[in-house]
1. What angle, in degrees between 0 and 90 and rounded to the nearest 10, separates the Cα long axis of helix 160-169 from the longest principal axis of the Cα atoms of the chain?
2. Starting from the Cα of R311, step 7 Å toward the Cβ, then list every residue of segment 237-257 with an amide N under 19 Å from that point.
3. Segment 146-239: which trypsin sites (Lys or Arg not before Pro) are DSSP loop and have at most 11 other beta-carbon atoms within 10 angstrom?
4. Among the aspartates and glutamates, which fall within straight-line cross-link reach of K312, defined as a Cα-Cα distance under 14 Å, with same-chain neighbours fewer than 8 residues apart omitted?
5. Order F273, F74, most accessible first, counting only protein heavy atoms with a 1.4 angstrom probe.
6. Of the accessible area of segment 243-301, with the probe set at 1.4 angstrom, what percent is carbon plus sulfur?
7. With unit charges on the beta carbon (Lys/Arg positive, Asp/Glu negative), name the residue among N72, I7, T94 whose Cα is farthest towards the positive pole of the charge dipole of segment 1-99.
8. Would you be so kind as to identify which of I197, H184, I215 lies farthest towards the positive end of the dipole of segment 178-233, taking Lys and Arg as +1 and Asp and Glu as -1 on Cβ and the Cα centre as origin?
Amino acid sequence: MSSKNPILEALGLKGPLILSPLAGGPSTPELIAAVSNAGGLGSLGLAYETPEQIHTIIQKTRTLTSKPIAVNLFVPSEDPALTSEQINSAHDATKKYREELGIPSPKVEPPYSINFDKQFEAMLQEKPAVFSFTFGLLDRSYINECKKNHIITCGTATTLEEGILAEERGVDWLVAQGIEAGGHRGIFSAKTEDSMIGLFPLVRFLATNLKIPVIAAGGIMDGAGIAAALRLGAKAAQLGTAFLLCEEAGTSKPYRKALLDKGNLHTKTTRVFSGRIARGLENRFMKEMEERQGSILPFPAQNSFTRDIRRKSAELGMSDFLSLWAGQGVAQIRQMNAGELVSVLFDELNAAMKE
Ligand SMILES: Cc1cc2nc3c(=O)[nH]c(=O)nc-3n(C[C@H](O)[C@H](O)[C@H](O)COP(=O)(O)O)c2cc1C
């Protein structure tokens, strides 16, 4: 691993490995600290947390590691104005699930997400080494605030065009998110439909056209995958799915069970849970709601609207209605603790780089 790597140099990491921010449950202080302590960079996925929770979670993580950590938030989306037809149709499509789970239908009213400026302020006060974000570009004022506070900024791109826009906006690093990736797609370019570019061409495009370091994300599950990303020009790899079964992860029991179900390890992209395209294991909610495209609210309204269903499903230990985010590499998932996984990945990477 070259000492000229700007990401390793900036943070003093042992190897070019970043744990994906895994908002919605799997991200815990214990997981992030274990990865950072083992020489990678742990990222806290805090997009769904209130400013108070952001302070508490970062401070808890700091009690578990003195190493650098990253914090990740979602670039805010405007709350959509919904017609009563849209709302009725959404209620109608999900009525049978709520009846089955024994929960009442929620009111559909904004705000559908937590105030971004307050989340950003909380993050800024805690001064993580890195602030990463997805779903768009942030105004330059936010980037400048980070720079003033010596926080490295990291955007997310799914196309060459998005990468160029992010670099022009002044981010320090960029995650290249291939179509293989688990979880939400960071796509934000309004000009195109999702172009679904695979990680190989995406990393190559971005690494050869941008000056800032590129981080490869999507379907990477082992050291050979990290080595391949580095050979394509990435300076680090960001892995999410690979860590979902680590004991420190907050992955729920039914989610873990689904990840271990060798008979059902194919993933699909869908908008049914949040209104935004994301990749996960197919389950009943995904299959059935895919047939009701006209009843899916735009992001973030759908995310807020289906939260009660996902919560209750987890509580009852059922995976039928959970968002089972996972990348295309999920069949290679391993069960060990996070520190151990990081050292196995580094050993595999070293071996692969010698080949
Ligand atoms: C459960 C889960 C939650 C995720 N949450 C976030 C998030 O909060 N913010 C973000 O930028 N990316 C998020 N991602 C996407 C990751 O940043 C990254 O693109 C992905 O993990 C890479 O693909 P892989 O999961 O196949 O390794 C999430 C991915 C998963 C699997």
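1. 70 degrees
2. Only 250-255 pass the distance filter.
3. Numbers: sites: K147, K148, R169, R185, K191, R204, K211, R231, K235; in loops: R185, K191, K211, K235.
Answer by residue number: K191, K211.
4. Leaving aside aspartates and glutamates fewer than 8 places away in the same chain, those within reach of K312 are E99, E100, D320.
5. Correct descending sequence by accessible area is F74, F273.
6. Details: 1200 of 2420 Å².
It is 50 percent, rounded to a whole number.
7. Checked the options; the winner is I7.
8. Value computed over the given set: I215.
The values are calculated or read from the model by the stated rules, or taken from the named source; none is laboratory data. Note that the structure is predicted; figures quoted are calculated from it, not measured. Every residue, glycine as well, gets a Cβ built from its backbone with ideal geometry; the counts of neighbours run over all protein chains shown. For the accessible areas, the whole protein counts, side chains as well, though only heavy atoms, and no ligand, DNA or RNA atoms are used. Shrake-Rupley method; radii C 1.70, N 1.55, O 1.52, S 1.80 Å.
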